[in-house]
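Only one structure is covered here, and it is reproduced in the block below.
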Amino acid sequence: MQADKQAVGNLLKTARGQIDGILKMIEEDRYCIDISNQLMAAQSVLKKANRLVIEAHLNHCVKEAVEQNDAQEKISEIMGIIDKLSK
């Protein structure tokens with residue numbers, strides 16, 4: 001993985017903490033809208049972590065494949081990710 005491991009790791013730890021908090025909120029029968037807001041916050045952090053991973057992949061793996069005239073597989077991988085992101 002070419003992404004900044006510390007940055008991605010910190011984001012994932014933040015998301016884990018948020019998810020633990022959400023589970024506690026559910027156990028405490030907290031207000032649904034408050035839980036939903038926390039779910040969206042966790043999703044936002046996960047999206048940011050994913051963006052860092054994808055950006056690093058483009059800047060390293062895809063760039064290298066293009067420079068070696070062997071980019072088709074990497075392009076297909078990115079298209080698969082774009083398809084998943086657009087659902």
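The values are calculated or read from the model by the stated rules, or taken from the named source; none is laboratory data. What you are looking at is a predicted structure, and each value in this text was computed from that prediction instead of being measured. Note: ideal-geometry Cβ built from the backbone for every residue, glycine included; neighbour counts use all protein chains shown.
Mind checking whether some residue in the range 48-57 is part of a helix (DSSP H, G or I), free of Cβ contacts under 8 Å to residues at least 24 places away in the same chain and either farther than 16 Å from MET1 by Cα or touching a helix residue (DSSP H, G or I) at 6+ places or on another chain (Cβ under 7 Å) (or both)? Walk me through it before giving the result.
Applying the first criterion (part of a helix (DSSP H, G or I)) to the range 48-57 yields 48-57.
Adding the requirement that they be free of Cβ contacts under 8 Å to residues at least 24 places away in the same chain leaves 50-51.
This time we only want the ones that are either farther than 16 Å from MET1 by Cα or touching a helix residue (DSSP H, G or I) at 6+ places or on another chain (Cβ under 7 Å) (or both), so: none.
No, because not a single residue in the range 48-57 is part of a helix (DSSP H, G or I), free of Cβ contacts under 8 Å to residues at least 24 places away in the same chain and either farther than 16 Å from MET1 by Cα or touching a helix residue (DSSP H, G or I) at 6+ places or on another chain (Cβ under 7 Å) (or both).
So which residues in the range 2-34 are over 16 Å from LYS48 (Cα atoms) and outside any helix (DSSP H, G or I), if there are any at all? Please lay out each step first, then the result.
At the first step, the residues of the range 2-34 found to be over 16 Å from LYS48 (Cα atoms) are 20-34.
Once the filter is applied, which keeps residues that are over 16 Å from LYS48 (Cα atoms) and outside any helix (DSSP H, G or I), the range 2-34 yields GLU28, ASP29, ARG30, TYR31.
Check ALA41 against each of (1) modelled with pLDDT under 95; (2) surrounded by 11 or more Cβ atoms within 10 Å (Cβ to Cβ); (3) under 23 Å from ILE19 (Cβ atoms); (4) not polar (S, T, N, Q) and name the one condition it does not meet.
Failed condition: (1).
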